[in-house]
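The values are calculated or read from the model by the stated rules, or taken from the named source; none is laboratory data. Treat the numbers as computed from the prediction; the structure is a model and nothing was measured. Virtual Cβ from ideal backbone geometry, glycine too; neighbours counted across all protein chains shown. These accessible areas exclude ligands, DNA and RNA; they are computed on the full protein's heavy atoms, side chains included. Shrake-Rupley method; radii C 1.70, N 1.55, O 1.52, S 1.80 Å.
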Amino acid sequence: MSTIAAAVALGAASLVVPATAHAAEAPADTPPTTGPCAYTPLADQTYSTWVGLPQDPAHTPDRSTAKATLETTQGDIPIVLERAKAPCTVQNFSFLQHRGYFDGTTCHRLTAYQTPPSALSVLQCGDPLGTGWGDPGYAFKDELTSAQALPNWPGTTDGSRKVYSRGTLAMANGGPDTNGSQFFLVYEDSRLRPDYTVFGHVTEEGMRTLDKLAAGGIDPGAEGTPQDGTPVLTTTIERAKSGR
């Protein structure tokens, strides 16, 4: 596993899916959806696992919350999806969840950067390949209003670094408007640019599972580091289901 190839390309405090890591197989000439979310098939689908495109109604549901549970081999991680923060992202996550996209996938990345000014403590999941390269064969736009509203990281006054606080649920990406299926769960306050869509939070029960995973440590593998690799406690999402 390469630290960069598996997930990140902008340094320690960053969560980026490699921009070239796209692609199998949407039907030829599949058009983007015509609603406000504009889920758009990727031109290169070398690393994709295609299950179709989400529905994209004229009005994306943007009120209330939805509950989901990631049933993993290390314990349950209940999460709350917040439509008001990122309606297209929640719609996308729910679509993939109901299609069983996350079932049987392994959370491929655990970080523990704690040397100032870096701070990144997350578990990253959502890649069916388990490598950091996988995607659903389409991408959709960022929804960054909530990220931009996060408090500034201490000592940062220009808004360029934000506090993604413990319990935050957000999307990994490969640059602007490249969201797909990969997401991350924050187990300690993390210092990040406001470039990652926040779309929910982890419950207290889920945080206990995340703390267990973090305490289990990081396996750097051949190309990682003691601060960035795979969880020693292998974490496979056996099922992502609604409710809890």
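Only one of the numbered conditions (1) more than 14 Å from the chain's Cα centre (by Cα); (2) open to solvent by 20 Å² or more (accessible area, probe 1.4 Å) is not met by Thr178, and that is (1).
Any residue that is open to solvent by less than 10 Å² (accessible area, probe 1.4 Å), touching a Pro at 6+ places or on another chain (Cβ under 7 Å) and under 22 Å from Ile79 (Cα atoms) - is there at least one of those in region 139-148? Quick ask: steps written out before the conclusion?
Our first condition is that a residue be open to solvent by less than 10 Å² (accessible area, probe 1.4 Å); within region 139-148, this holds for 140, 147.
The next check asks that each one be touching a Pro at 6+ places or on another chain (Cβ under 7 Å); those that pass are 147.
Subsequent filtering for residues that are under 22 Å from Ile79 (Cα atoms) retains 147.
Checked against the condition, which is being open to solvent by less than 10 Å² (accessible area, probe 1.4 Å), touching a Pro at 6+ places or on another chain (Cβ under 7 Å) and under 22 Å from Ile79 (Cα atoms), region 139-148 yields at least one hit.
Mind listing whichever residues of region 158-175 are buried (at least 18 other Cβ atoms within 10 Å of the Cβ), within 23 Å of Pro54 (Cβ to Cβ) and either among the basic types (Lys, Arg) or out of contact with any His (no Cβ under 9 Å at 6 or more places or on another chain) (or both)?
If we filter region 158-175 for residues that are buried (at least 18 other Cβ atoms within 10 Å of the Cβ), which is where we start, we get 161-164, 167-174.
This time we only want the ones that are within 23 Å of Pro54 (Cβ to Cβ), so: 168-174.
Residues satisfying the conditions are Ala170, Met171, Ala172, Asn173.
For region 118-138, filtering for residues that are among the hydrophobic types (A, V, I, L, M, F, W, C) and either under 18 Å from Thr46 (Cβ atoms) or open to solvent by 30 Å² or more (accessible area, probe 1.4 Å) (or both) leaves 2.
Of Pro128, Pro116, which residue is more than 14 Å from the chain's Cα centre (by Cα) and assigned to a loop (DSSP other than H, G, I, E, B)? Answer to the selection: Pro116.
Across region 61-68, not a single residue is classified as open to solvent by 10 Å² or more (accessible area, probe 1.4 Å), under 15 Å from the mean Cα position of the chain (by Cα) and closer than 18 Å to Val198 by Cα.
Got a number for residues in region 181-237 being among the small types (Gly, Ala, Ser), modelled with pLDDT of 95 or more and surrounded by 15 or more Cβ atoms within 10 Å (Cβ to Cβ)? It would help to see each step written out before you state the result.
Within region 181-237, the first condition is being among the small types (Gly, Ala, Ser), and the residues that meet it are 181, 190, 200, 206, 214-217, 221-222, 224, 229.
Those left that are additionally modelled with pLDDT of 95 or more: 181, 190, 200, 206, 214-217, 229.
The next check asks that each one be surrounded by 15 or more Cβ atoms within 10 Å (Cβ to Cβ); those that pass are 181, 190, 200, 206, 214, 216, 229.
The total comes to 7.
Annotation: Gly155 fulfils all but one of (1) on the phi > 0 side of the Ramachandran plot; (2) open to solvent by less than 30 Å² (accessible area, probe 1.4 Å); the unmet one is (2).
The C-beta contact set for region 140-163 (first residue of a type in the set (Phe, Trp, Tyr), second residue assigned to a strand (DSSP E or B) and open to solvent by less than 50 Å² (accessible area, probe 1.4 Å), distance under 6 angstrom, 6+ apart or interchain) comprises Phe140/Asn179; Trp153/Val163; Trp153/Arg191.
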